[in-house]
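The values are calculated or read from the model by the stated rules, or taken from the named source; none is laboratory data. This is a predicted model, so every value here is computed, not measured. A quick note on method: Cβ atoms are made from the backbone with ideal geometry, for glycine too, and the neighbour counts reach across all protein chains shown. Surface areas here come from the heavy atoms of the whole protein model, side chains and all, with no ligands, DNA or RNA. Shrake-Rupley method; radii C 1.70, N 1.55, O 1.52, S 1.80 Å.
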Amino acid sequence: MDFSLTKEQQMVRKIVREFAEKEIAPKAKEIDLTGEFPWDNVKKMAKADMMGIPYPKEYGGAGGDYISYIIAVEEISRACAATGVILSAHTSLACFPIFQWGTKEQKEKYLIPLAKGEKLGAFALTEPNAGTDAAAQQTTAVLEGDHYILNGSKIFITNGGKADVYIVFAMTDKSKGTKGISAFIIEKDFPGFYIGKVEEKMGIRGSRAAELVFEDCVVPKENLLGKEGEGFKIAMVTLDGGRIGIGAQALGIAQAALDEVTKYVKERQQFGRPIGKFQGLQWYIAEMATKVSAARHLVYYAAWRKQNNLSYTMEAAMAKLFASETAMEVTPKAVQIFGGYGYTKDYPVERLMRDAKITEIYEGTSEVQKMVIASNLLKM
Amino acid sequence: MNILVFIKQVPDTNEVKIDPVTKTLIREGVPSIINPDDKNALEEAIRIKEEYGAKVIVITMGPPQAETALREALAMGADEAYLLTDRVFAGADTYATAKTLSKMAKKFDYDIIFCGRQAIDGDTAQVGPQLAEQLNIPQVTYVKEVEIEGDTLIVKRALEDGYEVIKVKMPVLLTAIKELNTPRYPSIKGIFEAYREKEVKIVTAADLGVDPQEVGLKGSPTKVISTTTPETQRAGEIFTGNVKECVQNLVQRLVEKHVI
Ligand SMILES: Cc1cc2nc3c(=O)[nH]c(=O)nc-3n(C[C@H](O)[C@H](O)[C@H](O)COP(=O)(O)OP(=O)(O)OC[C@H]3O[C@@H](n4cnc5c(N)ncnc54)[C@H](O)[C@@H]3O)c2cc1C
């Protein structure tokens, strides 16, 4: 057993951290306040070849390993969680299904520019009436000649309205239930595709969550991803990987809270000494650090299993469940340790607390992760 | 065109602390980086490569772990990397270092040699100039801009209150300052390529054909008797505001101190 990162992975950590601290972190507060989409960050990440880390160079990727990619999401999220989810949704949810199920032509046309970071991707499964029950898709796709005609809408879509390429799920055969769902690659300019409501969010405010509307949207037949009826499987397998990314995002947020706290308790004086001298706070910090470390091991372990072609559905769910709950435990603790200052926007811990919450919700709520874990364990 | 870039791996801190007992730098727990000025040197070499076409060869002398600095340089875009590492190189002062590096430089048909102005751990700013002397080639220090015209470089050399423009024929040695450029981040793809497709070649004293007496501690005329951290003096006072306020404050303070 070996817990050490390879030299490559260590270098990736060092470089992405340096990049995140100098280029991303200084703008995180502003992005949170304005809710403005951080295009500048996306462009800089693209320039540094960060938008397709785990994909082969022939498909525009960096040719790296999955753990390196996960480390990058962690480090970017430590600086700015909104930028972290843009990276994770793009890489795990948009690039991955094309890499896994795309034809050669689809990979050339879509994966290469996505992995190079020339284009941005999104993944659209959730509908107003199909959230946790994702199988209850109401969007329909009907084949007419050499086109599919899509009708329906999606909500809460990360990168919605900013992305160029969307992986969209729709019913091609209602009578077949989950086996009647298919996946499509949709370009932002396809006729009949509109962006609807953009959400005002509690946290990760620089990222986008938007409604997608399809009104007789014309999609060429060759943009069917995988086979007809494979859509639900594509969505579920894609989300398995995506959850490792969200686990890494939660981990980055939690680590940021811990870093802020370790600095602050040495500086802030009460009763004539730094507050870090009080055992009451030391116990909080020890618990926070332990949880963060456990979360990191679960997240890296799931990534390692994926990298090594071992099953990872359950491990990804465990990693996401534990890392997101850790983030939701340590970020309010950080606010508590900062006292009144922590409740203000002068310090980043209140932002971290707001950013943390979403990690327990998207790509499957914590309840869903438990369902996945239990069904893998019990197989009943 | 061949460009040699000499870099050094240094501890990542401007406040190097000295162990009061051993009198050596405390490196423990301090991460290592490519010396900042050397990164500017490397960046400029890579820019010249991108604009005019060149091979960028990066060289360091140091312990085996200095390989990391070379891998980072390869990830930024250098083509070849050499690590001069050997027990007998240890303890070299700037003279012995420059001498060893010059032996390495002579193995190449170079046009430009880039060094950083100075390393943040030693702060001597001597190795670059000494290397040029050992090689008997012209040198321009404190370089803030470089242009190439045929076999000639037009170089801006920073002075305290301005700059000089110097025309110099290649081969030439330049020492870079941070005003020269903003070094790029190594691309993530570059990192994987640096480890999987490129090589760091190890060079020993025997490979260089140097006499062990001439390098390292034995080849160093400088003898360090002791090193100490100076006691911090009382801090100076900085007046801010407009000129009128500053002058008023200054005069008041001088009166208080019975200076005037
Ligand atoms: C900021 C943001 C970004 C998002 N990005 C995307 C995206 O890019 N693409 C995309 O497709 N979707 C995206 N989503 C949607 C997200 O994945 C869903 O919101 C999530 O899956 C939950 O669905 P829901 O909101 O409909 O909640 P519901 O399904 O209505 O759940 C409500 C509550 O009931 C619980 N619950 C539901 N069913 C069960 C059950 N069987 N047992 C126990 N508890 C249950 C849930 O855990 C939850 O607590 C995003 C959402 C947000 C807020």
Would you pick out the residues in the range A:189-232 that are in contact with a helix residue (DSSP H, G or I) (Cβ under 6 Å, 6 or more places away or on another chain), of a type in the set (A, V, I, L, M) and within 12 Å of the ligand (Cβ to nearest atom)? A:202, A:204
Please verify whether residue B:212 is out of contact with any strand residue (DSSP E or B) (no Cβ under 6 Å at 6 or more places or on another chain), within 14 Å of another protein chain (Cβ to nearest Cβ) and open to solvent by less than 70 Å² (accessible area, probe 1.4 Å), treating the condition exactly as stated. no
Among the residues of the range A:313-322, is any more than 16 Å from the ligand (Cβ to nearest atom) and free of Cβ contacts under 8 Å to residues at least 12 places away in the same chain? no
Looking only at residues in the range B:64-104 that are of a type in the set (Ser, Thr, Tyr) and under 17 Å from the mean Cα position of the chain (by Cα), which one is surrounded by the fewest Cβ atoms within 10 Å (Cβ to Cβ)? B:95
Within the bounds of the range A:107-116, is there any residue that is within 14 Å of chain B (Cβ to nearest Cβ), within 19 Å of the chain's Cα centre (by Cα) and away from the ligand (no atom under 14 Å from the Cβ)? yes
Considering only the range B:160-181, I want to know if a residue exists there that is surrounded by 17 or more Cβ atoms within 10 Å (Cβ to Cβ), modelled with pLDDT of 95 or more and within 14 Å of chain A (Cβ to nearest Cβ). no
Looking only at the range A:51-91, which residues are in a helix (DSSP H, G or I), open to solvent by 10 Å² or more (accessible area, probe 1.4 Å) and facing chain B (nearest Cβ under 10 Å)? A:57
Within the range A:145-181, restricting attention to residues that are touching an Asp or Glu at 6+ places or on another chain (Cβ under 7 Å) and farther than 30 Å from residue A:82 by Cβ, which residue is surrounded by the most Cβ atoms within 10 Å (Cβ to Cβ)? A:172
Return only the number of the condition from (1) over 25 Å from residue A:41 (Cβ atoms); (2) surrounded by fewer than 22 Cβ atoms within 10 Å (Cβ to Cβ) that residue A:112 does not satisfy. (1)
For residue B:107, all conditions in the list (1) open to solvent by less than 30 Å² (accessible area, probe 1.4 Å); (2) assigned to a loop (DSSP other than H, G, I, E, B) hold save one; what is the number of the exception? (1)
Tally, over the range A:348-374, of residues that are near the ligand (Cβ under 10 Å from one of its atoms) and of a type in the set (A, V, I, L, M): 4
Quick one: which residue in A:40, A:32 is charged (D, E, K, R), open to solvent by less than 40 Å² (accessible area, probe 1.4 Å), over 22 Å from residue B:196 (Cβ atoms) and in contact with a helix residue (DSSP H, G or I) (Cβ under 8 Å, 6 or more places away or on another chain)? A:32
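Within the range B:182-196, restricting attention to residues that are open to solvent by 10 Å² or more (accessible area, probe 1.4 Å), at the interface with another protein chain (Cβ under 7 Å from one of its Cβ atoms) and outside any loop (DSSP other than H, G, I, E, B), which residue is farthest from residue B:71 (Cα to Cα)? Spell out how you get there, then give the answer.
Looking only at the range B:182-196, we keep the residues that are open to solvent by 10 Å² or more (accessible area, probe 1.4 Å), and these are B:182-185, B:187, B:189, B:193, B:195-196.
Among the residues that remain, those that are also at the interface with another protein chain (Cβ under 7 Å from one of its Cβ atoms) are: B:185, B:187, B:189, B:195.
From the residues that got through so far, the ones that are outside any loop (DSSP other than H, G, I, E, B) too are B:189, B:195.
Working: B:189: 13, B:195: 7 Å.
Result: B:189.
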